[in-house]
Amino acid sequence: MPDFVLESVLTCPQCGHTKREMMPTDACQFFYECEACKAVLRPKAGDCCVFCSYGSVKCPPMQSHGCCG
């Protein structure tokens, strides 16, 4: 079984705030609220989750298969 990076640093596109977060291994995270400005982040078009759009590391399904689902 391959090793996955399970932590990613999310960067809010609204205010630039960053926070290290643990990624779920069994699902995509579609929403994330920035703790600084309270903006609700959603995946960009073509991305499966907020980690793929705004994180320093893609989500575990993308790391393993190159796709979610």
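Both numbers refer to the Cα atoms of segment 7-65; Rg and Dmax are 10.6, 33 Å. Could you work out the local net charge near GLY55, counting Lys and Arg as +1, Asp and Glu as -1, over the other residues with Cβ closer than 14 Å to its Cβ? That works out to +2. Put a plus charge on the Cβ of each Lys and Arg, a minus charge on the Cβ of each Asp and Glu, and nothing anywhere else: the dipole of segment 7-65 about its Cα centre is then about 160 debye. Were the residues from PHE30 through GLN63 laid out at 0.36 nm apart, the gain over their Cα-Cα distance would be 10.2 nm.
Bear in mind these aren't lab numbers, they're just calculated from the coordinates by the rules spelled out. Nothing here was measured: the structure is a model prediction, and the numbers come from that model. With ideal geometry, Cβ positions are generated from the backbone for all residues, glycine too; neighbour counts draw on all protein chains shown.
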